[in-house]
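Structure record follows, encoded as structure tokens.
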Amino acid sequence: MIQLEHIDYDYQGIPALRDITYTFEMGRCYCLEGPNGCGKSTLFRILNGLAFPARGRYVLDSDAITEKRLRDDTFAKAFHAKIGYVFQNAEVQLFCKSVEDEIAFGLFQLGLPEGEIEERVEKYIRQLNLASLRKRTPYNLSGGEKKRVALAAVLAMDPPILMFDEPLSGLDEDGQCWITDFIRALKSTGKLIIISTHNRRLAGQLADVHVRMNKDHRIICP
Amino acid sequence: MRLNLKVMEMTGRLLRSDRENASRKPSPVAPALRVGAAVLCILLCALSQNAVYVITVIAVELLRLAMMPPASILRVIKALILPVIFSALIMLPAVFLGHPRTMLTVTMKVLESVMVLAVMNEGLDWREVTAAFSAFKGMAVFVLILDMTMRFLMILGDYSGKLLEAVMLRSVGKTSWKNAKVDGILGTTFLKSRQMAEATEEAMACRCFNGQYRSYHQHGLTWRDGLFLGVYAAMIAFFILTK
């Protein structure tokens, strides 16, 4: 469970989030909606421990997440293992020399045994239809393929919380349908899913709860 | 200005090589073995005091070169011309001092070394060359950084190419204005590179990166690799025979 209490965040004096208080519960799918610049991506950065609020408290499973605590490598590793984050631009998320290396990257970091790493890599290569791409360099793939590789890399780590930043951006219609169906299927796994989008159709199809933000950088409709 | 154009030319070359190699099948022999064979070959030639060894290696490499496509042959020859002429010129005084064989030996060794590397470069993709390094323990992080650097060079090369196209479409005639814009393009590309580097660092942190890395696919030895090891043995045996 994620609890946010009175979170404020500024970019050098320019407000990005104002008094955000909200609780995300396990097993539900939340769609974070709002116009450009309302603070959705900033909220995602805070939830992933990539930025820290100027005021307020962020609690994940009864652990307060602070900059100081995330400097501890063991704590940071345990924290990041709980949250899988699929970036809006998959290009920056893919940095290994082949698709299978990309999927195995996070698993090596978790210190899993070789056999399990191999098993999971194979499982997600099959599940996301990546068999023909496994030796290819992610850089040379199409937008939809890159998205699938990024998804496989994140899902292979089996995090209980999944966050998608604009999952449909840069995809053609087939790719959009595929991602929508895939996330819908993920809902039955009991994971907490948070999707940032301004696509109302996607939100309508997937959300258990709609979380709306406005231009004042506040949550208006919990 | 000239430096900027050089940087763009280099990224352009990388991009071209990446596009050409995108659909290429991976090398059937472990890249580490091929790189190792090239290094061994150069080392043995450098140690060799018998011209027969060097000439034989040059003959074998020429044979390999002859079986390559014309574009590859041209690239290899281009890579050879400058170092061979340069070493011949440097060693020219030896002819007047009564040691013409020295000039010939050094020039041949330079020709052999550059040719071995150029021919190997034609047969291997740059990713395979970096993968060859990851076969050595403790080199995996170095290879990851090298791969990422190359990848960024290509992404940013592509990006600056698109910016150049945009400038070209908007410019009519004035050359000086176009040249001035090259600096602007490199500045924008630099800012973009910083943004991308930060985003990649965050992506790595999100996947629990703690400074350690291991490549997933360890290339086990196949029968082809076993055969290739025979090349090592043949090279060493021939070196001893001709010593």
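The values are calculated or read from the model by the stated rules, or taken from the named source; none is laboratory data. What you see is a predicted model, and the numbers here were worked out from it, not measured in a lab. Glycine also receives a Cβ, built like all others from the backbone with ideal geometry; neighbour counts cover every protein chain displayed. Surface accessibility is based on the protein's heavy atoms, side chains included, excluding ligands, DNA and RNA. Shrake-Rupley method; radii C 1.70, N 1.55, O 1.52, S 1.80 Å.
A single member of A:LEU171, A:LEU130 is at pLDDT below 90 and of a type in the set (A, V, I, L, M), and it is A:LEU171. Restricted to region A:164-222, and to residues there that are free of Cβ contacts under 8 Å to residues at least 60 places away in the same chain and of a type in the set (Phe, Trp, Tyr), the residue that is least open to solvent (accessible area, probe 1.4 Å) is A:PHE182. Residues of region B:189-200 that are surrounded by 14 or more Cβ atoms within 10 Å (Cβ to Cβ), farther than 22 Å from A:LEU155 by Cβ and either more than 7 Å from chain A (Cβ to nearest Cβ) or without any contact (Cβ under 8 Å) to a residue 12 or more places away in the chain (or both): B:THR189, B:LYS192, B:SER193.
Reported count of residues in region A:165-222, each being hydrophobic (A, V, I, L, M, F, W, C) and within 24 Å of A:LEU4 (Cβ to Cβ), is 16. Quick check on region B:224-238. Is at least one of its residues within 14 Å of chain A (Cβ to nearest Cβ) and without any contact (Cβ under 8 Å) to a residue 40 or more places away in the chain? Within region B:224-238, none of the residues are within 14 Å of chain A (Cβ to nearest Cβ) and without any contact (Cβ under 8 Å) to a residue 40 or more places away in the chain.
Take A:ASP181 and tell me if it is outside any helix (DSSP H, G or I) and charged (D, E, K, R). Here the answer is no, as A:ASP181 does not meet what is asked.
For region A:50-66, the candidate set comprises residues that are of a type in the set (Val, Ile, Thr) and closer than 21 Å to B:PHE209 by Cβ; within that set, the residue that is nearest to the other protein chains (Cβ to nearest Cβ) is A:ILE65. Considered as a group, the residues in region B:106-161 that are open to solvent by less than 20 Å² (accessible area, probe 1.4 Å) and without any contact (Cβ under 8 Å) to a residue 40 or more places away in the chain include one that is farthest from the other protein chains (Cβ to nearest Cβ), and that residue is B:THR130.
Listed conditions (1) within 14 Å of another protein chain (Cβ to nearest Cβ); (2) without any contact (Cβ under 8 Å) to a residue 24 or more places away in the chain are all met by A:PHE87, apart from (2). Listed by first and then second residue, the pairs with beta-carbon distance under 8 Å, at least 6 apart or on different chains, first residue in region B:59-82 and among the basic types (Lys, Arg), second open to solvent by 40 Å² or more (accessible area, probe 1.4 Å), are B:ARG75/B:GLU122. Look at (1) free of Cβ contacts under 8 Å to residues at least 60 places away in the same chain; (2) under 27 Å from A:LEU32 (Cβ atoms) and you find that A:GLY111 fails only one, number (2). If you scan region A:40-81, which residues turn out to be assigned to a loop (DSSP other than H, G, I, E, B), under 20 Å from A:ARG212 (Cα atoms) and over 13 Å from the mean Cα position of the chain (by Cα)? Scanning region A:40-81 gives a single hit, A:PRO53. Taken over region B:219-243, the criterion of being surrounded by 14 or more Cβ atoms within 10 Å (Cβ to Cβ) and either at pLDDT 85 or above or assigned to a helix (DSSP H, G or I) (or both) is satisfied by B:ASP225, B:PHE228, B:LEU229, B:VAL231, B:TYR232, B:MET235, B:PHE238, B:PHE239, B:THR242. Looking at the structure I just gave you, is A:GLY37 farther than 25 Å from A:ALA153 by Cβ, among the small types (Gly, Ala, Ser), open to solvent by 40 Å² or more (accessible area, probe 1.4 Å) and not in a strand (DSSP E or B)? Judged against the criteria, A:GLY37 is a match.
Out of the residues in region A:100-127 meeting the condition of being aliphatic (A, V, I, L, M) and not in a helix (DSSP H, G or I), tell me which one is farthest from the other protein chains (Cβ to nearest Cβ). Step by step, filter region A:100-127, then rank; the result is A:LEU112.
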